[in-house]
Structure formats: structure tokens, C-alpha cells
Amino acid sequence: MSPTGPSEAYRRGIRRTAAVCVVVLVCMVGAAFAAVPLYRIFCQQTGYDGASRRAKARPSVILDKSVTVRFDANVRDLPWDFAPDQVSQTVKIGETGLAFFHVTNRSDQPITGHAAYNVTPQGTGLYFEKLQCFCFTDQTLQPGQRADFPVVYFVDPRFASDPNTKNTPQITLSYTFFRAAKAAPAAVGANKTTTPIGGSPRAAL
């Protein structure tokens, strides 16, 4: 360093170090955002952390053993009423179950929500699989609109042979509706039955 101030080489080194720090910070932030969907995909594929899996086909075997599936519904920062059609169902392991959840948009604006889900006790999510679910996509409700969202599910027969789950009498399927990150007011929820206030039910196309 010269008596009159830092040398040009020194200043270049400082600028280079600052640039590297900025690049590293940007990469870390990007990795943090990417980790969320990657973690979600991992959980839904493996059943880790209570995430149920998306199935492509029904089981070929239905066991002569039953399990009770309890339903739980919640909303966060949404002016929606959200509740299951029934508190629980008892199904045979491997049998296909059908449950409905009632949703009403109490606001005067169209709102798009997305349902996160969780299965407890820990470990049962590996065997709880869905063939159809409103949680697979964002759902939009118009002002005052009521809708019934179906869930088609089954408990994989391997549930009955896994030492960690075979004696579990009850599974809880829990949903929480959040406001969708990217609202799509014109979107139509898949396979839901809707009822405009003052009107009769109709199947949404």
C-alpha cells in the first residue's frame, strides 16, 4: 500500500472479493427457495414427514383388516369456511375410499387457495395414497361460492405388514388451505361440485 492510498491491485482485490461474496449470497438464497419444492416432492414421493403419496392405480388386493381415517380441515389467512363432510371413515386396507370437503368463499372477491396436507401418526404417510385430490392443484372460488372437493384414497396393503404401522388403528388426514402464491382468478378447480349462493348444485367442468 502506497503512502497516498491503496494501490490499484489492492482495490481490484477488494472488488473481486465483494463480487464473489455477492454471487455466493445469491446462490444461497436461490438454493433456499429451490429446497422448499424439492423437499415437498421428496416428502410426497417417500411419505416422509407425514406427506401422503400420489398413486397411479388402485391396489389389486383388499385385506380383511380395517383402519379408521379421520379428517381434519384448517384455513390460514383466508376468508373461507372449510370442513370435512364427515369426521372419519372406516375402510378396509387396500379398499378405495371417497371423502368430501366443503369449502365456502365468504368474501366478495375471487380467491385462489392451495391446500397443504399432512398424515399422522408419523410413518403412515408412506402407505396413505391418493388417486384424486383437490390438493394437487390450486383451487379458485368466486365470491360467495360453495364447493365440495373430493378426495379418492386408499391405504396400501403394505401398511398391515410394516412393524411400525401394522397395529395403528387410526390415520389422520389433515389439510390446511393457504392463499396461493400465484393467484389465478379464472382457474377452475378440478372435479369439484359447486353451489352458487341461492342456486342449486352443479358439477364444475
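The values are calculated or read from the model by the stated rules, or taken from the named source; none is laboratory data. Treat the numbers as computed from the prediction; the structure is a model and nothing was measured. Glycine also receives a Cβ, built like all others from the backbone with ideal geometry; neighbour counts cover every protein chain displayed.
Summary table
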| item | result |
| --- | --- |
| Selection status of residue 105, modelled with pLDDT under 95 and touching a Phe, Trp or Tyr at 6+ places or on another chain (Cβ under 9 Å) | no |
| Single match in 132, 109 (criterion: in contact with a Pro (Cβ under 9 Å, 6 or more places away or on another chain), within 19 Å of residue 56 (Cβ to Cβ) and in contact (Cβ under 8 Å) with a residue 24 or more places away in the chain) | 132 |
| Verdict on residue 82 being surrounded by 17 or more Cβ atoms within 10 Å (Cβ to Cβ) and at pLDDT 95 or above | yes |
| Residues being touching a helix residue (DSSP H, G or I) at 6+ places or on another chain (Cβ under 9 Å) and either in a loop (DSSP other than H, G, I, E, B) or at pLDDT below 95 (or both) - total across the range 168-191 | 4 |
| Selection from the range 145-167 of residues that are buried (at least 16 other Cβ atoms within 10 Å of the Cβ) and part of a loop (DSSP other than H, G, I, E, B) | 145, 156, 165 |
